[in-house]
Amino acid sequence: MSSRLPLACALALGLLAARAPLARGDGRASDAYLDQTRDRWEKVAKQIWDTPELGLKETRSSTALIDILTKEGFQITRGVGGEPTAFVATAGAGEPVVALLAEYDALPGLSQAAGQPKKQAVSDGAAGHGCGHNLLGTASVAAAIAANRERVARKLPGTIQLFGTPAEEILFGKTFMIRGGAFQHTGVVFAWHPDDQTRVTNRTRLAVAAANVEFFGKSAHAAASPWLGRSALDALTLFDHAIALMREHIKPTARIHRVIREGGVAPNIIPDHTMGEYWIRDASVDSVNEMLERLKKAADGAALGTETRAKVTLTFSTREPVPNDALNAVLQKELERVGPPKFDDTDQRFARAMQKELGFEELGMATAVQPFASKNGGTASSDIGEVSAVVPLAELNLATRPLGTAAHHWAQTACAAHPVGYKGMAIAAKVLAASAVDTLGDPGIVKAARDEFSVQTKGKPYVSPLAPDAKPVAPH
Ligand SMILES: [Zn+2]
């Protein structure tokens, strides 16, 4: 641009330059766009962080992302799968159809001051982005826009989709979207999640199912006529003991955890209704389903022994992700090309202060990309497992919190509106955008991914774990 141009004209051209890809043909214009617009994405991530919303209530968060995508020319479909805060944004036409996933729900009770290495809630008991989904949703939207701009500039074939997927923390948002037909025209999916490491995630996430276990008894005055009552709390106590004993007889990879939601209202009233929420996890959904059958037997046994009635209701189920090495290879290649987040001394000092506070080894932030491995990642579950059984999917992790720290913790909330989180988010956006562009430009990638998918799923059609009459209802 000539320095003799009038200022207004120069500014206008500057804006145009910011809106158009800088490089053509090398596939990396998406990087340049994301570098130029970096401040904007940090503001979006902070805006979502500032207004944490729980699953199915993410009205402001989803609207913020929809508004940005709409301005970029994406077509929006809202309310997918009967979930008011779910949406699909689409740009382009025809195949291949490459999709990215945005999550934006927060967690209850994880309010925490940004950049504060000690536990300090912004508002006691309030929700917070303790899984970094403000970073997750923002990076995926940024990547979709960057990839779409490059698609247009290079006249690449195909479609970019961005799925706005609510209620990940209650593990059914995407499952209802699948039932609503959301992924039926999608070719491949790239996903990411904030983490303490930078790597392509592979073959470690666990399958999980949850059930509400209720007992119905008979109320009576606990002192005057207890013989007339049948305690639903006795039943729940007996059932819980049966599950505790069952833990000796499950695989070492399995996990069972629970909370008691209702235990009665007063000790002097024999409780006629109780409820516990039980979660079962293991490396495979088959093992989870087998344990679920045993759990139902324990509930019936407890009911029989206490002359009460048991009711077991499945609230969600998500399988372990179906691996796809064809797509893993695309993510790994782009991750190694873009490189890990560059954390400076201030970031590392902050990370070590947090590790010291938590009693962890003071290792700071992860500074390298992990080599690809057949088992890479953490054991947390995600409803991306269900998506991966419908369409080929691969997932990336980016370091957004200190080494050793976990998600679902105030530490991640503190980092999710801080440079350590934003730096991870920026790399995630670049890797996702470049991977999407690579896939649009190379029909072989979708074909290889789909061939592998057929082998992994043995060609069996997807069966939803949802009961036919199941509705997306938040537990909070
Ligand atoms: Zn998460």
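What translational diffusion coefficient, in µm²/s and rounded to a whole number, does the Stokes-Einstein relation yield for the range 117-166 at 10 °C and a viscosity of 1.306 mPa s, taking the hydrodynamic radius as the Kirkwood radius over Cα pairs?
For the chosen part, D equals 116 µm²/s.
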Lys430: which aspartates and glutamates have alpha carbons under 15 Å from its alpha carbon, excluding same-chain residues fewer than 8 sequence positions away? Asp26, Asp31, Asp35, Asp39, Glu42, Glu150, Glu334, Glu336, Glu395, Asp438
Tell me, Kirkwood radius of the range 384-451 from alpha-carbon pair distances, in Å? 14.1 Å
Separation between the Asp67 and Gln36 pseudo-spin-labels, each 7 Å from Cα along Cα→Cβ, expressed in nm? 2.3 nm
The range 83-99-the range 141-191 distance, computed between alpha-carbon centres (Å): 5 Å
One finds the C-alpha centres of the range 271-327 and the range 425-473 to be spaced, in Å, by 27 Å
Kirkwood-Stokes translational diffusion coefficient of the range 97-251, alpha-carbon pairs, 10 °C, 1.306 mPa s, µm²/s: 78 µm²/s
Cross-link candidates for Lys251: which lysines have Cα within less than 27 Å, leaving aside residues fewer than 8 places away along the same chain? Lys296, Lys297, Lys311, Lys375, Lys458, Lys460
Give the residues of the range 152-173 whose amide nitrogen is closer than 16 Å to a point set 7 Å from the Cα of Asp442 in the direction of its Cβ. 157
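Hey, can you rank 419-430, 56-67 by average C-beta count inside 10 Å, highest first?
Working: 419-430: 26.2, 56-67: 20.1.
Ranked by mean Cβ neighbours within 10 Å, highest first: 419-430, 56-67.
List the trypsin sites (Lys or Arg not before Pro) in the range 141-214 that DSSP assigns to loop (not H, G, I, E or B) and whose Cβ has at most 12 other Cβ atoms within 10 Å. Which are they? Please list the in-between numbers first.
On the way: sites: Arg149, Arg151, Arg154, Lys155, Lys174, Arg179, Arg199, Arg203, Arg205; in loops: Arg154, Lys155, Arg203, Arg205.
Sparse-neighbourhood loop trypsin sites (Lys or Arg not before Pro): Lys155.
For the chain, which semi-axes, largest first and in whole Å, follow from the square roots of 5 times the eigenvalues of its Cα gyration tensor?
Numbers: eigenvalues 379, 124, 86 Å².
Over the Cα atoms of the chain, the ellipsoid semi-axes are 44, 25, 21 Å.
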Could you state, as a whole-number percent, how many of the C-alpha pairs of the range 165-209 are farther apart than 12 Å? 74 percent
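Note down the relative contact order for the chain as a percent, whole number, built from C-alpha pairs under 8 angstrom at least six residues apart.
Values: 1099 pairs, mean separation 106.6, N = 476.
This gives 22 percent for the chain.
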Report, for the chain, the % of DSSP beta bridges that are antiparallel, rounded to 5. 70 percent
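A short reminder: the numbers here are calculations on the coordinates, not readings from a lab. These numbers come from a predicted model, not from an experiment. Neighbour counts run over all protein chains shown; Cβ positions are idealised from the backbone, glycine included.
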